[in-house]
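Here is the structure we will look at, set down as structure tokens.
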Amino acid sequence: MTLAELALTGDLARPARLTVPDLLGWPQHRVKVAFECATSGMQYHAFAGPRLYDVLADAGPGFDPARRKDRLRFLIAVTGTDGHQVLLSWAEIDPDFAHAPVLLAVSIDDTPLDRSGPQLVLPQDRCGARHISGINAIRVDGAYRWRRPGAMATA
């Protein structure tokens with residue numbers, strides 16, 4: 001049996017390639033969700049897996065400790081095998097800010113996701129549009145820099 005892998009890349013001290021069995025090494029959380037889908041009505045599922053925050057924090061995001069609130073400029077891009085992509089901010093998952101319980105689900109309705117790969121689950125979303133199946137890449141990006149309107153960009 002071939003296990004699906006996800007590449008954890010970007011501004012990280014410890015980038016990695018992870019499988020569902022690897023993700024079982026983090027504390028597991030269980031959530032029941034109800035997504036209201038425009039095309040298929042209400043969907044009810046139970047998911048289990050580690051929190052996205054725990055996995056990414058363990059990879060060592062490249063926050064600058066000298067810059068107050070530096071982590072707020074970090075973005076997280078999650079991509080599925082079908083090309084579906086979602087962008088989250090670090091503040092959404094950080095316990096000091098929104099602390100959203102975003103999961104990297106390793107099972108759905110008690111069915112392991114070893115071969116298809118983990119799923120991104122945002123239980124707080126009413127609609128499941130940010131749900132991603134078969135995650136194959138997560139990129140943490142701290143390159144975003146805010147510029148004052150009218151300020152000249154430097155090369």
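The values are calculated or read from the model by the stated rules, or taken from the named source; none is laboratory data. Here the structure is a predicted model, which means the values were calculated and not measured. Side chains are part of the model used for accessible areas, which takes the heavy atoms of the whole protein and leaves out ligands, DNA and RNA. Shrake-Rupley method; radii C 1.70, N 1.55, O 1.52, S 1.80 Å.
Listed values, structure above:
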{"read-out": "Debye log10 I(q)/I(0) at q = 0.23, 0.28 Å⁻¹ for the stretch 1-61, Cα point scatterers", "value": "-0.95, -1.11"}
{"read-out": "Cα pair distances exceeding 22 angstrom across the stretch 1-145, given as percent", "value": "36"}
{"read-out": "Heavy atoms of E5 accessible to a 1.4 Å probe, total area in Å² rounded to 10", "value": "80"}
{"read-out": "Relative contact order [Cα under 8 Å, 6+ residues apart], the chain, whole percent", "value": "30"}
{"read-out": "Most mobile of R67, R126, R30 in a GNM of the chain (Cα contacts under 10 Å)", "value": "R67"}
{"read-out": "Apportionment of accessible area to carbon and sulfur, the chain, percent (1.4 Å)", "value": "53"}
{"read-out": "Top of S107, S133, S40 by mean-square fluctuation, Gaussian network on the chain, Cα under 10 Å", "value": "S40"}
{"read-out": "23 Å tail of the calculated P(r), the stretch 52-131, as % of Cα pairs", "value": "25"}
{"read-out": "Most mobile listed residue (P65, P118, P50) in the chain, GNM with C-alpha springs under 10 Å", "value": "P65"}
{"read-out": "Kirkwood-type radius of the stretch 41-81, with distances r between different C-alpha atoms, in Å", "value": "13.3"}
